[in-house]
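The values are calculated or read from the model by the stated rules, or taken from the named source; none is laboratory data. The shown structure was predicted, so the numbers you read here are calculated from the model rather than taken from an experiment. Cβ coordinates were reconstructed from backbone atoms using ideal geometry, including for glycine residues, and neighbour counts include every protein chain displayed. Ligands, DNA and RNA are excluded from the accessible area calculation, which covers all protein heavy atoms including side chains. Shrake-Rupley method; radii C 1.70, N 1.55, O 1.52, S 1.80 Å.
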2 protein chains.
Amino acid sequence: MRVDGRPFRTIWSPEPECVDIIDQTRLPHRFETRRLVTLQDAATAIADMQVRGAPLIGVTAAYGVALGLKRDASDATLDEICATLRATRPTAVNLQWALDRVRSRLTPLPPSRRLSAAWDLAALMADEDAAICEAIGDHGVSLIAEIARRKPGQLATVDWGTATAPIYKAHEAGLPVHVFVDETRPRNQGAALTAWELGHHGVPHTIVVDNAGGHLMQHGMVDLVIVGTDRTTAQGDVCNKIGTYLKALAARDNGIPFYVAAPSSSIDFRIRNGLDEIEIEQRGAHEVTHMSGETSDGGIETVRITPASSPVMNFAFDVTPARFVSGLVTERGIVAANAEALAAAFPERL
Amino acid sequence: MRVDGRPFRTIWSPEPECVDIIDQTRLPHRFETRRLVTLQDAATAIADMQVRGAPLIGVTAAYGVALGLKRDASDATLDEICATLRATRPTAVNLQWALDRVRSRLTPLPPSRRLSAAWDLAALMADEDAAICEAIGDHGVSLIAEIARRKPGQLATVDWGTATAPIYKAHEAGLPVHVFVDETRPRNQGAALTAWELGHHGVPHTIVVDNAGGHLMQHGMVDLVIVGTDRTTAQGDVCNKIGTYLKALAARDNGIPFYVAAPSSSIDFRIRNGLDEIEIEQRGAHEVTHMSGETSDGGIETVRITPASSPVMNFAFDVTPARFVSGLVTERGIVAANAEALAAAFPERL
């Protein structure tokens with residue numbers, strides 16, 4: 001992402017043995033970076049969503065392992081580190097995938113070589129993630145360009161979750177893209193983060209509440225829906241930020257293409273039926289009952305927005321069945337959301 | 001509604017020539033009543049949503065006419081008063097209906113008799129509204145009781161908008177009803193008002209974000225969806241709080257009954273196709289960009305939750321096509337959502 005003209009990654013290692021992140025809980029009101037020094041810093045960054053989005057969670061976990069190995073690189077410590085990080089978010093499969101990869105790379109090494117190998121691998125995974133994101137952007141932009149060819153004038157998309165790569169690419173390619181940014185309650189990642197990022201890139205956009213998506217689609221104001229995914233099943237079911245399923249229903253009812261930006265690290269080939277087999281993370285009530293924002297004098301304040309006595313449930317994700325998905329935009333191209341197509345595209349993962 | 005054991009209406013005339021309301025913009029943090037003394041007070045109460053919900057808007061408008069006639073009861077002033085009130089909310093048909101009714105009652109009278117007639121009519125309309133609400137509750141509770149007979153254990157409903165009458169009746173009748181209260185962004189009427197009301201009545205409920213409805217329905221956690229309506233067309237299309245359509249799609253996809261609490265004053269027999277013929281009110285960006293709540297020291301603070309440079313659109317309503325509506329719960333019973341059934345139920349309105 002670009003901030004005031006400077007390119008920024010969301011995680012980077014500015015000097016040996018430490019990691020910096022953009023603290024996404026402070027946006028859009030404050031642009032602050034945070035240094036992760038210990039394993040616990042990394043675990044907290046994931047659990048408290050200072051980092052968010054499935055791929056970034058995986059990379060942060062890889063750096064977290066490296067931070068944890070500083071003191072002791074024994075098998076027992078490596079196990080403990082992985083267990084700590086694994087427990088931070090139950091739904092995102094990238095986290096599990098990243099930890100499995102790090103562990104299988106480090107375990108065969110003698111403990112004395114594990115620390116530097118962990119740092120190298122984390123940096124490699126960060127680079128790979130950027131490359132995958134770029135590839136998804138390239139495949140996604142051809143999709144957007146095709147729709148633009150059929151429809152003159154501005155092209156409106158809905159973004160839901162970490163699915164902005166194709167949109168940035170389309171904007172850079174000069175396509176007249178306009179993004180309706182859903183607020184994405186709770187935590188408001190859309191209103192707080194996506195809108196902030198799009199604004200810094202100069203991409204035309206409009207914030208709407210999550211409830212508005214159906215109305216926009218009914219009235220021909222949306223040409224394409226692109227969403228992210230935290231876990232994709234072998235048959236193409238998509239587990240993403242809660243509310244994604246409702247947008248998929250509206251896209252189907254109005255004949256609008258519904259695509260998912262799905263890095264292959266999000267695909268969990270061990271499971272098929274997302275509705276039955278994915279554990280949906282429940283997060284704290286505080287994310288629903290309270291809201292943070294900027295006061296008129298420029299301070300940051302948190303306010304309670306619900307009655308203190310009313311109970312709350314806070315599901316972080318829902319599952320969109322594959323039948324609603326027009327296609328998965330992966331780093332290897334656009335893949336149909338079914339078991340055969342996914343197996344053919346990623347045969348080495350079976 | 002009951003507040004600390006005392007029954008309260010949302011609008012009442014405590015003494016001649018003045019009107020009190022519960023200021024719904026202050027809930028759930030403050031229970032405050034507000035006195036309406038002038039026409040402008042009434043117009044502001046409607047426009048700023050100190051009163052909300054289609055029937056209450058109509059009654060407030062009727063009282064607003066009475067307040068406006070205090071100084072001068074000429075034809076010209078009556079026209080001007082009605083125009084002022086009519087402009088406050090374009091979508092809710094109860095407002096138009098209430099004003100038409102008041103005007104057709106007052107116009108034939110000599111100006112000297114209009115003021116007292118206006119007060120009498122407003123009070124009558126408030127009483128009628130309470131009776132209609134009661135009747136809708138009675139018809140709705142038979143619906144809930146029928147579902148309860150087929151399903152042992154707790155009965156979960158989703159409430160969207162001003163559709164609580166059947167739920168209160170079911171609770172009072174001893175049915176084991178549990179309500180998932182949607183937050184209903186923007187303005188958060190669900191989290192702020194419905195939850196507060198249910199809590200004061202002792203009805204078991206859980207607040208969820210608007211995005212959660214689909215997930216709850218996919219997982220068998222909802223037995224019935226009941227929503228309100230601000231305008232119902234002659235063929236049964238339902239214009240209600242933005243986001244209602246998305247819940248209707250989820251109810252259909254999961255085979256869950258979707259009912260609409262529809263007082264006949266919400267039915268606009270002049271229009272058929274809600275998607276084409278209803279003007280959807282767009283409200284101020286502030287409702288999306290800012291959020292009010294209680295600070296940790298008990299004060300009320302408003303904070304900005306979006307980037308200052310991001311544009312916003314704020315549609316207040318959407319339209320749910322009749323094909324998604326299982327039935328309309330009216331004061332005359334449950335009516336199918338189609339032109340024939342509505343015409344048969346309300347022949348005098350054609």
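Taking Cα pairs under 8 Å and at least six residues apart, what relative contact order does chain B come out at, in percent? Value for chain B: 16 percent.
Largest accessible area first, the listed residues B:GLU279, A:GLU277 line up as B:GLU279, A:GLU277 when surface is computed with a 1.4 Å probe on the assembled protein chains. Restricting the calculation to Cα atoms, the range A:17-148 yields a radius of gyration followed by a Dmax of 16.0, 55 Å.
Taking 0.36 nm per residue of separation and subtracting the current Cα-Cα distance, fully stretching the chain between A:ASP79 and A:ARG149 would add 19.9 nm.
Based on the alpha-carbon gyration tensor of the range A:233-286 and its eigenvalue square roots a ≥ b ≥ c, which shape applies: rounded if a/c is under 1.5, prolate if not and a/b is larger than b/c, or oblate? In terms of gyration-tensor shape, oblate. What are the membrane-span-like helices in chain A by this rule: whole DSSP H runs, Cα extent along the axis at least 15 Å, mean Kyte-Doolittle hydropathy at least -0.5? Result, helices passing both filters: A:54-68, A:75-86, A:93-106, A:111-150. The mean count of C-beta atoms from other chains within 10 Å of the C-beta of residues in A:236-247, rounded to a whole number, is 4.
P(r) tail for the range A:260-315: Cα pairs beyond 16 Å make up 65% of the total.
The residues B:ASP23, A:ASP79, A:ASP129, B:ASP4, sorted by heavy-atom accessible surface at 1.4 Å with ligands and nucleic acids left out, run B:ASP4, A:ASP79, A:ASP129, B:ASP23 from largest to smallest.
Of the residues A:ASP253, A:ASP297, A:ASP75, the one that moves most in a GNM of chain A with alpha-carbon contacts below 10 Å is A:ASP297. If you bin all the Cα-Cα distances of the range A:307-350 at 5 Å, starting from zero, the percentages per bin are 5, 17, 19, 15, 12, 7, 6, 6, 6, 6, 1. The Cα atoms of chain B cover 62, 56, 44 Å along the three principal axes, with the biggest extent listed first.
Using a Förster distance of 51 Å, how high is the FRET efficiency between B:THR38 and A:ARG323, based on the Cβ-Cβ distance and rounded to 0.05? With R0 = 51 Å, the Cβ-Cβ based efficiency is 0.35. Grouping the Cα pair distances of the range B:99-218 into 5 Å bins from zero gives a pair-distance distribution of 2, 10, 17, 16, 15, 11, 8, 8, 7, 4, 2, 1, 0 percent in increasing distance order.
The dipole here belongs to chain B: it is taken about the Cα centre, uses +1 on the Cβ of Lys and Arg and -1 on the Cβ of Asp and Glu, and is about 260 debye. Does the range B:156-215 classify as rounded, prolate or oblate by the C-alpha gyration tensor (a ≥ b ≥ c root eigenvalues; a/c under 1.5 gives rounded; else a/b over b/c gives prolate, otherwise oblate)? It is prolate, given that a/c is not under 1.5 and a/b is the larger ratio. When nucleic acids and ligands are ignored and a 1.4 Å probe is applied, B:GLU134 ends up with an accessible area of around 100 Å². On a C-alpha basis, how far is the centre of the range A:238-260 from the centre of the range B:77-115 in Å? Whole number, if you could? Taking the Cα centre of each part, the range A:238-260 and the range B:77-115 sit 44 Å apart. Please state the shape class of the range A:12-54: rounded when a/c is under 1.5, otherwise prolate if a/b exceeds b/c and oblate if not, all from the C-alpha gyration tensor. It comes out oblate by the Cα gyration axes. Computed with a 1.4 Å probe over protein heavy atoms only, the accessible area of B:THR107 comes to about 60 Å².
Largest GNM mean-square fluctuation among A:ALA173, A:ALA165, A:ALA135, using chain A with Cα springs under 10 Å: A:ALA173.
In the context of the full protein assembly, A:VAL177 retains an accessible surface of approximately 0 Å², using a probe radius of 1.4 Å and ignoring ligands and nucleic acids.
Put A:LYS151, A:LYS241 in order of accessible area, highest first, and with a 1.4 Å probe you get A:LYS151, A:LYS241.
A viscosity of 1.306 mPa s and a temperature of 10 °C, combined with the Kirkwood radius over C-alpha pairs in the Stokes-Einstein formula, give the range B:6-90 a diffusion coefficient of 122 µm²/s. With a Förster radius of 25 Å, plug the Cβ-Cβ distance of A:ALA343 and A:ARG86 into 1/(1 + (r/R0)^6) and report the FRET value to the nearest 0.05. That gives a FRET efficiency of 0.40.
Peptide A:281-292 shows a mean partner chain C-beta count of 2 within 10 Å per residue C-beta.
Once the C-beta distance of A:ARG71 and A:ALA130 is scaled by a Förster radius of 35 Å, the resulting FRET efficiency is 0.75 to the nearest 0.05. Mean partner shielding of peptide A:295-305, defined as the number of other chain Cβ atoms within 10 Å of each residue Cβ, is 5.
Per residue, the protein assembly as shown reaches -12000 deg cm²/dmol at 222 nm when only DSSP H runs of four or more residues are counted, each adding -39500 (n - 2.57). Once the gyration tensor of the Cα atoms in the protein assembly as shown is diagonalised, the equivalent ellipsoid follows with semi-axes of 50, 25, 24 Å, ordered largest first.
For the residues A:ALA285, A:ALA191, A:ALA45, a GNM of chain A with alpha-carbon springs under 10 Å puts the largest fluctuation on A:ALA285. Set against the 2.2 N^0.38 Å expectation for a compact globular protein, the range B:213-350 has a Cα radius of gyration ratio of 1.26.
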